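Accompanying notes for the structure given below.
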Amino acid sequence: MAHPSQLGFQDAASPVMEELLHFHDHALMIVFLISTLVLYIIVAMVSTKLTNKYILDSQEIEVIWTILPAFILVLIALPSLRILYLMDEINDPHLTIKAMGHQWYWSYEYTDYEDLGFDSYMLPTNDLAPGQFRLLEADHRMVIPAESPIRVLVSAEDVLHSWAVPSLGVKMDAVPGRLNQTAFIAARPGVFYGQCSEICGANHSFMPIVVEAVPLQYFEKWSSLMLEDA
């Protein structure tokens, strides 16, 4: 969960998000070193009147400042491509959930069960219990088993939406008439919050996403109770 004045990402709750955080730190360090070098060169050129004709016109330096940026780009591109392929890997998911975006709420359908589905609306401020987050809490959470591969099929009923949970490293567009899929693993039990990340209308900021990861035995009890109520 993000907190006020937070400058970095939320704490990672999935292996993919951990990889994204590592890549962010890797790329940021490269940018920091480049920025430091460029700042030093600018200060050196401004603060001295001395010039060197071998630096002003040198084939060797031109070769270096052509090859070096290309090498740096490769250092950034290789881990980036690795993470992209990891994010697309969906191997033997233990559970498949269909998330459908509406104006302005989400509906979830557990496709591995015969009749398990519900709508998820934002809780009004007046109905919040102590400790719940305003504009982020939903009346029905998407409950999943922790430490299990989860596949989410994302689509929309009316306009463009986007199903995003930052701490899980998940963001998938919900497009009407199109079924997109993404996958994640919640590394630990907990409650993870997200919001629609597409400008989908007047109440765009009032359709939160709440994912609750629980141990497998608790998920089985929850699904049994939900099927009985249905």
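Straight-distance candidates among the aspartates and glutamates for linking to Lys171, with alpha-carbon spacing under 13 Å and chain neighbours fewer than 8 residues away dropped: Asp88, Glu198.
Accessible surface for the stretch 173-230, divided over its residues, is 54 Å² per residue with a 1.4 Å probe.
Calculated accessible area for the stretch 84-124 comes out at 58 Å² per residue, all protein chains present (probe 1.4 Å; ligands, DNA, RNA ignored). Ligands, DNA and RNA left out, the 1.4 Å accessible surface of the stretch 15-88 is 75% carbon and sulfur atoms. Based on the Cβ-Cβ distance from Tyr113 to Tyr40, what FRET efficiency comes out when R0 is 35 Å, to the nearest 0.05? It comes out at approximately 0.05.
Apolar share of the accessible surface for the stretch 150-230: 53 percent from carbon plus sulfur atoms, 1.4 Å probe.
Taking every C-alpha pair closer than 8 Å and separated by at least 6 residues, the mean separation divided by the residue count of the stretch 25-120 gives a relative contact order of 14 percent. Only helices enter the 222 nm calculation for the chain: every DSSP H run of n ≥ 4 contributes -39,500 (n - 2.57), and dividing by all residues gives -12000 deg cm²/dmol, rounded to 500. Once the GluC sites (Glu not before Pro) in DSSP loops with at most 11 neighbouring Cβ atoms within 10 Å are cut out of the chain, the longest remaining piece is 115-230.
The values are calculated or read from the model by the stated rules, or taken from the named source; none is laboratory data. These numbers were taken from a predicted model, which means no experiment stands behind them. Every residue, glycine as well, gets a Cβ built from its backbone with ideal geometry; the counts of neighbours run over all protein chains shown. Calculation scope for accessible area: heavy atoms of the full protein, side chains included, ligands and nucleic acids excluded. Shrake-Rupley method; radii C 1.70, N 1.55, O 1.52, S 1.80 Å.
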